[in-house]
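J.: Can you keep this structure in mind? I'll have questions shortly.
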Amino acid sequence: MNTNRRTFLKTLIGGGVALSLPLPLLAKASGQSLTILHTNDVHSHLEPFPVNHPKFPNQGGFARRATLIQQLRQKHSNVLLLDAGDIFQGTPYFNFFGGKPELELMSKMKYDAATIGNHEFDNGMDHLARQLQYANFPFISTNYDFSQTVLKDKIIPWKIIEKGPFRVGLIGLGVNPGGLVSPANYEGMKWLDPVETGEKTARFLKEEKKCNLVIALSHMGYTSAPDRPESDKKTAALTASIDIIIGGHSHTFMPKPEIVKNKVGKPVIINQVGWAGVILGHMEIIPDKKEPLFLATQHLIK
């Protein structure tokens with residue numbers, strides 16, 4: 001992809017955004033930043049939209065995303081590439097191949113982690129378990145209890161990834177599948193409260209595992225639906241140990257990340273980049289001895 005064909009939708013410079021990073025990290029990470037690249041709700045859109053598409057003409061596609069990611073990796077040292085679920089379902093690629101090409105291509109892009117979206121259950125848990133062999137990256141789900149299912153040893157509740165001086169804890173928070181997924185497709189899986197489970201795990205990652213930063217990959221939606229109390233904004237407001245929420249499910253095109261104060265008054269960054277892979281989210285966490293900063297850019301893939 002030619003650089004001059006790439007459009008940067010929005011750039012936000014967040015001055016003085018305190019991210020609850022402990023002082024030892026700030027000193028150790030002086031002069032370095034953590035680059036977070038993220039997607040959500042790609043829905044099997046392996047190819048760009050057609051040139052006559054009314055909303056996204058000639059936008060998106062895995063090949064263009066891979067090229068952009070490669071370019072950003074060449075510019076930045078400490079890069080995390082994450083996905084917030086609903087990788088499956090939406091084009092004939094999924095109908096014919098069941099998710100294999102999506103996971104193989106994401107593996108080639110070197111995704112670091114993803115969480116489970118409700119559409120990952122569309123063909124049942126046995127099918128999902130078979131498809132996960134094509135993913136060379138972990139799937140994380142903290143509030144889906146798979147202990148009594150075929151996914152018991154295939155999906156993990158948390159993950160720690162170290163990038164340079166950054167020790168990052170990852171958790172995954174999923175929407176209640178009731179009313180969204182056929183009960184037979186998730187039989188035996190238990191949905192746990194995302195606020196309680198998310199906070200307990202995030203606190204464990206910070207206090208016991210000494211993570212500098214906790215990121216929640218969320219597939220709950222930006223705000224609560226009338227029939228569903230869970231959401232990114234609610235989770236941010238009612239927890240104390242999550243620093244960043246990378247969201248999905250509601251297909252929200254956020255022009256810039258939102259800052260929500262958590263229950264102890266500290267800011268939580270929430271971001272989401274719509275759907276179909278037409279945008280790659282990009283945040284730079286920049287520690288400073290006084291207070292961390294972050295930069296956020298949404299890359300339109302065109």
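The values are calculated or read from the model by the stated rules, or taken from the named source; none is laboratory data. The shown structure was predicted, so the numbers you read here are calculated from the model rather than taken from an experiment. Cβ atoms come from the backbone with ideal geometry, glycine included; neighbour counts cover every protein chain shown.
J.: Which pairs turn up if I take residues in the stretch 125-141 that are in contact (Cβ under 8 Å) with a residue 24 or more places away in the chain and closer than 15 Å to I156 by Cβ and look for partners that are among the hydrophobic types (A, V, I, L, M, F, W, C) and part of a helix (DSSP H, G or I) with beta carbon separation below 6 Å, at least 6 apart in sequence or on another chain?
T.: Filtered contacts from the stretch 125-141: A135/L103.
J.: Restricting attention to the stretch 191-199, does a residue exist that is part of a strand (DSSP E or B), under 23 Å from H249 (Cα atoms) and either aromatic (F, W, Y) or touching a residue at least 24 places away in the same chain (Cβ under 8 Å) (or both)?
T.: yes
J.: Which condition does D86 not pass, out of (1) in contact (Cβ under 8 Å) with a residue 24 or more places away in the chain; (2) surrounded by fewer than 20 Cβ atoms within 10 Å (Cβ to Cβ), if it passes all the others?
T.: If we test D86 against (1) in contact (Cβ under 8 Å) with a residue 24 or more places away in the chain; (2) surrounded by fewer than 20 Cβ atoms within 10 Å (Cβ to Cβ), just (2) comes out false.
J.: Quick check: is even one residue across the stretch 241-259 touching a Lys or Arg at 6+ places or on another chain (Cβ under 6 Å) and either of a type in the set (D, E) or surrounded by fewer than 19 Cβ atoms within 10 Å (Cβ to Cβ) (or both)?
T.: yes
J.: Okay, next question. When the stretch 32-52 is examined, which residues are found to be in contact with a strand residue (DSSP E or B) (Cβ under 9 Å, 6 or more places away or on another chain) and not polar (S, T, N, Q)?
T.: L34, I36, L37, H38, D41, V42
J.: Going through the stretch 211-230 one residue at a time, which ones are surrounded by fewer than 24 Cβ atoms within 10 Å (Cβ to Cβ) and either modelled with pLDDT of 95 or more or not in a loop (DSSP other than H, G, I, E, B) (or both)?
T.: Answer for the stretch 211-230, where residues must be surrounded by fewer than 24 Cβ atoms within 10 Å (Cβ to Cβ) and either modelled with pLDDT of 95 or more or not in a loop (DSSP other than H, G, I, E, B) (or both): G221, Y222, A225, R228.
J.: Within the bounds of the stretch 68-88, is there any residue that is over 14 Å from I301 (Cα atoms), among the aromatic types (F, W, Y) and out of contact with any Lys or Arg (no Cβ under 8 Å at 6 or more places or on another chain)?
T.: Within the stretch 68-88, one or more residues are over 14 Å from I301 (Cα atoms), among the aromatic types (F, W, Y) and out of contact with any Lys or Arg (no Cβ under 8 Å at 6 or more places or on another chain).
J.: Among the residues of the stretch 279-302 satisfying the criterion of being of a type in the set (A, V, I, L, M, F, W, C) and within 15 Å of the chain's Cα centre (by Cα), which is modelled with the lowest pLDDT?
T.: A296
J.: Determine whether the stretch 134-150 contains at least one residue that is under 15 Å from I87 (Cα atoms), more than 18 Å from the chain's Cα centre (by Cα) and either surrounded by fewer than 16 Cβ atoms within 10 Å (Cβ to Cβ) or not basic (K, R) (or both).
T.: yes
J.: How about the stretch 1-119: which strands (runs of 3 or more DSSP E) wholly inside it have at least 3 residues that are modelled with pLDDT under 90?
T.: Ranges flagged: 7-14.
J.: Within the stretch 151-174, take every residue that is touching a helix residue (DSSP H, G or I) at 6+ places or on another chain (Cβ under 6 Å) and farther than 15 Å from K210 by Cα and give me the one that is surrounded by the fewest Cβ atoms within 10 Å (Cβ to Cβ).
T.: Filtering the stretch 151-174 for residues that are touching a helix residue (DSSP H, G or I) at 6+ places or on another chain (Cβ under 6 Å) and farther than 15 Å from K210 by Cα, the one surrounded by the fewest Cβ atoms within 10 Å (Cβ to Cβ) comes out as K154.
J.: Go through the residues of the stretch 274-286 one by one and say whether even a single one is of a type in the set (A, V, I, L, M) and in contact with a Gly (Cβ under 6 Å, 6 or more places away or on another chain).
T.: Yes, there is a match, as at least one residue in the stretch 274-286 is of a type in the set (A, V, I, L, M) and in contact with a Gly (Cβ under 6 Å, 6 or more places away or on another chain).
J.: Looking only at the stretch 125-182, which residues are assigned to a loop (DSSP other than H, G, I, E, B), at pLDDT below 95 and closer than 20 Å to T35 by Cα?
T.: Passing the criteria: G164, P165.
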